[in-house]
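For reference, the structure discussed in these notes is given below.
The values are calculated or read from the model by the stated rules, or taken from the named source; none is laboratory data. Keep in mind the model is a prediction, meaning the values are calculated, not measured. Cβ atoms come from the backbone with ideal geometry, glycine included; neighbour counts cover every protein chain shown. Side chains included, ligands, DNA and RNA excluded: accessible areas come from the protein's heavy atoms. Shrake-Rupley method; radii C 1.70, N 1.55, O 1.52, S 1.80 Å.
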Amino acid sequence: MTAQLISGTEIARQIREELKEETARLRDAYATAPGLVTILVGENPASVSYVTAKQKASKELGFHSVQDNQPESITEADLLALIDKYNRDPKIHGILVQLPLPKHINETKVLYAIDPKKDVDGFHPVNVGKMTIGEADYLPCTPAGIQQLLIRSGVKTDGAEVVVVGRSNIVGKPIVNILLQKQKGANATVTICHTGTRDIAFHTRRADILIVAAGKPKAVTAEMVKEGAVVIDVGVNRIGMTPEGKAKLCGDVDFDAVKEKASLITPVPGGVGPMTITMLMMNTVKAAKLAVGAR
Ligand SMILES: NC(=O)c1ccc[n+]([C@@H]2O[C@H](COP(=O)([O-])OP(=O)(O)OC[C@H]3O[C@@H](n4cnc5c(N)ncnc54)[C@H](OP(=O)(O)O)[C@@H]3O)[C@@H](O)[C@H]2O)c1
């Protein structure tokens, strides 16, 4: 069997078209544009490129978008005051603080200072709690993107055996919480593996849907995958440079071998990656709708 590709690029494009329409509707019916501020502290090149991509996407959708650049030397108190300002700004519905922050700033304190109603990254404990009890306003972006990839590719999650490799707070734990809910696009039986798991292959070989977020190139080999499984590769690993001087990327799955066993598989790049920013946009539209009482 050679797997079909799940194109995150194409699914993200479809969702962005839908969000563009919703944004226009909000402008017409409520005189409101979804407002997103991205706060960048310092000039870390990776952070600059992430923030630039988020701003570009929000402008393309017609959002009210604000880029707030702060120097590396900003104090924790000043950053907290800035967040408080945006918490009280009615034109801003979503606040994103680009991580990592400089060492002298307590990241947790900063993330907890964001009004949960404006926490479009879904990292505030209030939103993590709401997700866990199945009453989420905002799902964290990467796992929300994975769920959309499954739903929009017609993958049946109801009753499926899902195995997740990796238990980070931004990918592994939330995707488990999302897919175990008694809800549409979920209702799966989920198992989570990590470096303390005794026999990872024993679990991965049982998976109808295998989601890998280990941050280790080719951590999942073909022998670890069941024939016909759906494989979602979250990993983004830099493994050198292309002749054109671009970073060469690979996932956490041995793509060439695993695609011969899987029924569906995400490529890297072009799989989960494009979905993450799109889900941030979706959360911002949701935040604006909640703020104005739109359905
Ligand atoms: N495309 C996107 O938008 C996107 C977004 C976020 C992350 N990512 C990528 O996804 C990957 C994971 O990110 P993350 O932030 O979740 O990583 P992380 O915080 O480093 O967590 C990795 C997890 O994988 C587990 N793990 C590592 N090696 C393993 C192995 N060989 N077998 C089983 N479990 C193993 C670790 O176990 P322990 O807990 O036991 O240490 C940990 O729970 C990275 O490549 C990252 O770049 C992509």
Problem - Inter-label distance for ARG206 and LYS20, nm, one decimal - labels placed 7 Å from Cα along Cα-to-Cβ - result: 4.5 nm
Exercise for the section: Scale the Cα Rg of the chain by the rule-of-thumb value 2.2 N^0.38 Å and send over the ratio, two decimals. Expected result: 1.01
Exercise for the section: Give the calculated FRET efficiency between VAL48 and ARG238 to the nearest 0.05, with a Förster radius of 22 Å applied to their Cβ-Cβ distance. Expected result: 0.85
Handout entry: the chain - percent relative contact order, Cα under 8 Å, separation 6 or more
Key = 22 percent
Handout entry: For the range 179-253, with +1 on Lys and Arg beta carbons and -1 on Asp and Glu, the positive-most of GLY196, ILE209, ALA229 along the dipole
Key = GLY196
Fill in the blank from the handout: So the FRET efficiency between ALA257 and HIS194, C-beta based with R0 = 22 Å and rounded to 0.05, is 0.45
Handout entry: Highest-MSF residue in the chain out of VAL220, VAL48, VAL268 [GNM, Cα springs under 10 Å]
Key = VAL48
Problem - Net charge dipole size for the range 186-270 [Lys, Arg +1 and Asp, Glu -1 on Cβ; Debye, nearest 20] - result: 180 debye
Problem - For LEU61, solvent-accessible area (1.4 Å; no DNA, RNA or ligand), Å² - result: 10 Å²
Problem - Gaussian network model of the chain, Cα within-10 Å springs - most flexible of GLY185, GLY245, GLY154 - result: GLY245
Completion exercise
Taking alpha-carbon centroids only, the range 17-44 lies from the range 145-201 a number of Å equal to 29 Å
Completion exercise
Which residues qualify? For HIS64, with a placed amide H closer than 5 Å and at least 5 residues away or on another chain, they are GLY35, LEU36
Practice task
Take the solvent-accessible surface of the protein heavy atoms, probe 1.4 Å, and return the percent of it on the range 1-126 that carbon and sulfur atoms account for.
Solution key: 54 percent
Practice task
With a cut-off of at most 12 other beta carbons within 10 Å, and DSSP calling the residue loop, which trypsin sites (Lys or Arg not before Pro) in the range 184-273 qualify? Please list them.
Solution key: LYS184, ARG198, LYS246
Fill in the blank from the handout: Expected max-MSF residue from GLY94, GLY270, GLY122 in the GNM of the chain (alpha carbon, under 10 Å) is GLY270
Practice task
Could you work out how far apart the two model spin labels at GLN67 and GLU223 are, taking each label as a point 7 Å from the Cα in the direction of the beta carbon, and quote it in nm?
Solution key: 4.9 nm
Exercise for the section: Rounding to the nearest 20 debye, state how big the charge dipole of the range 138-285 is about its Cα centre with +1 on each Lys and Arg Cβ and -1 on each Asp and Glu Cβ. Expected result: 280 debye
Completion exercise
Stretched fully, the stretch from ASP158 through ALA247 gains (0.36 nm per residue minus C-alpha distance, one decimal, in nm) 28.3 nm
Handout entry: With at most 15 other Cβ atoms within 10 Å, longest stretch of the chain clear of loop GluC sites (Glu not before Pro) (DSSP)
Key = 136-226
Completion exercise
With the convex hull built on the alpha-carbon atoms of the range 233-295, volume per residue in Å³ sits at 116 Å³
Completion exercise
So for the range 157-256, using the alpha carbon gyration tensor with a ≥ b ≥ c as root eigenvalues (a/c under 1.5 gives rounded; past that, a/b versus b/c decides prolate or oblate), I'd call it prolate
Problem - Per residue accessible area of the range 1-155, 1.4 Å probe, in Å² - result: 48 Å²
Exercise for the section: At 7 Å along the Cα-to-beta-carbon direction for both ASN87 and LYS56, put a label point, then send me their distance in nm to one decimal. Expected result: 3.3 nm
